[in-house]
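Report on the structure given below.
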Amino acid sequence: MKKLLFLGVLLILTGQVSAQTVNAQNGPVITFEKSTHDFGDIVQGDKVEYTYKFTNTGNEPLLITNVNVQCGCTTPKGWPRDPVPPGGKAEITVGFNSAGKMGLQNKVVTLVSNAANVEGNKISFTTNVLADKKQPQ
């Protein structure tokens, strides 16, 4: 009898875990090849950019409706305006203008989308902005 009760509880728990796994897979899912980037040391006034590549690993079309940045020094461009189908690949390029910046910079870019994995909507970059040593002659 104890074995039967144990088996029943085990089946119920297995069913709950399985249902949670299925629910987590429903909808579009953003999966970045690399969600962070380090530009290393750059000189004040430099403009740099990096292209983040991603795949919709979910089972429904992914729609990115907006991209939010922390300040005007960071500019997103080239994200897909059309839905990305399941299995589809896309990219977003993020630029950074270091004019007026100094020292370590850590910026986060948030994609506003219908993705089921909310934590997957953030990408970031870091860089260390050095003083421009050039003197006007």
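Miscellaneous remarks
- Residue within region 106-121 that is acidic (Asp, Glu) and either in contact (Cβ under 8 Å) with a residue 60 or more places away in the chain or touching a Ser or Thr at 6+ places or on another chain (Cβ under 9 Å) (or both) present: no
- Checked against (1) over 15 Å from the mean Cα position of the chain (by Cα); (2) farther than 17 Å from Gly100 by Cα; (3) of a type in the set (D, E, K, R), Lys77 meets all criteria but (1).
- Residue match in region 21-41 (condition: small (Gly, Ala, Ser), farther than 29 Å from Asp132 by Cβ and modelled with pLDDT under 95): yes
- From Asn121, Asn97, residue being out of contact with any Leu (no Cβ under 9 Å at 6 or more places or on another chain) and either of a type in the set (S, T, N, Q) or modelled with pLDDT under 95 (or both): Asn97
The values are calculated or read from the model by the stated rules, or taken from the named source; none is laboratory data. These numbers were taken from a predicted model, which means no experiment stands behind them. Every residue, glycine among them, receives a Cβ derived from its backbone with ideal geometry; neighbour counts consider all protein chains shown.
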